[in-house]
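J.: One structure, as structure tokens, below. Some questions next.
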Amino acid sequence: MFVANGTGAGDTTQHILVVEDEPIIADAVAARLVSEGFGVTKAADGPTAVERCAEVQPDLVVLDLNLPGFDGLEVCRRIQAARRVPVVMLTARDDETDMLVGLGVGADDYLTKPFSPRELVARVKAVLRRAEATPGPVLESDGLRIDPAARVVTIDGTVVHLTPTEFDLIRVLAEAGRTVLSRDQLLSMVWGYRDGSGARTVDSHVRSVRRKLGDETIRTVHGVGYAFGAPSGVTS
Ligand code: CA
């Protein structure tokens, strides 16, 4: 039997907006979040989700992809246009997650159905921890510049749009310098997972970062993992 120990919520209640049109899933997720000390607001379609997000200013949004009205993709665009809010996206299949990562949707994490409410809460807490982490120094290598405080990446002075997870992936690799990081280490450092599941998540994000910043920015070390790949190393 899993016993919750209410870490992460702190002394001020954090508020989660749960956007899900299937009542059984929405109720189970909401009940679990409430039992962990979170405040919860629910919405069951796209337009309502955008309204509630503006009203309650949640600390994080749990967002189903397939919704009536307009879908989770459009909800994500609209709420992120107003202000930066962490999003955990719920998808029906793994290939939907790959597609969304490829599109560069601004979600912080993805969870494929079916999932346990316990797993979702672990993801929610991990994303909230990432959002609260203290930024490190600016990293520069050749034309690539990573500014953790501003969460901006530039190549030769031009801003490259990265999703939150893509940003954290290249930042963690650059901070590690020449050190090769395994997929499990990356899952822990970037996604905050402790159970080591989700190697394909790492691989699909590595592909999308390479597409945006160049293949040479992340080096594959076969049988081990990934390393920051720019040739002349990193100075901070
Ligand atoms: Ca749905």
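J.: Under the rule of at least 5 residues apart or a separate chain, name every residue whose amide H is placed under 5 Å from the amide H of ASP71.
T.: For ASP71, no residues qualify.
J.: Would you grab the residues whose amide H sits under 5 Å from the one on ALA43? Only those 5+ places off in sequence or on another chain, please, with H modelled 1.01 Å from N.
T.: Correct list: VAL18, VAL19, GLU20.
J.: Just the number, please: percent antiparallel of the DSSP beta bridges in the chain, rounded to the nearest 5.
T.: Approximately 50 percent, going by the DSSP bridge assignments.
J.: Could you rank the peptides 57-68, 217-228 by their average count of other C-beta atoms within 10 Å per residue, with the highest value first?
T.: Peptide ranking by packing, descending: 57-68, 217-228.
J.: Note down the relative contact order for the chain as a percent, whole number, built from C-alpha pairs under 8 angstrom at least six residues apart.
T.: This gives 14 percent for the chain.
J.: Stretched out fully, how many nm does the piece from GLU22 to VAL221 gain, at 0.36 nm a residue minus the Cα gap?
T.: The GLU22-VAL221 span can extend by a further 67.4 nm.
J.: I've got another one for you. Taking a probe of 1.4 Å, how large is the accessible area per residue of the chain, in Å²?
T.: Each residue of the chain exposes 48 Å² on average to a 1.4 Å probe.
J.: Aspartates and glutamates near LYS42 by alpha-carbon distance under 13 Å, same-chain residues fewer than 8 away left out - which ones?
T.: Once the sequence-local aspartates and glutamates are set aside, what remains near LYS42 is GLU20, ASP21, GLU22, ASP27, GLU51, GLU55, ASP64.
J.: Okay, moving on. Could you check how much of the accessible area of region 139-228 is carbon and sulfur, as a whole percent, using a 1.4 Å probe?
T.: C and S fraction of accessible area: 48 percent.
J.: Net charge around LEU169, counting only other residues with Cβ within less than 15 Å of its Cβ (Lys, Arg = +1; Asp, Glu = -1)?
T.: +2
The values are calculated or read from the model by the stated rules, or taken from the named source; none is laboratory data. This structure is a prediction, so every number in the text was calculated from the model and none was measured. Cβ atoms come from the backbone with ideal geometry, glycine included; neighbour counts cover every protein chain shown. For accessibility, only protein heavy atoms count, side chains too; no ligands or nucleic acids. Shrake-Rupley method; radii C 1.70, N 1.55, O 1.52, S 1.80 Å.
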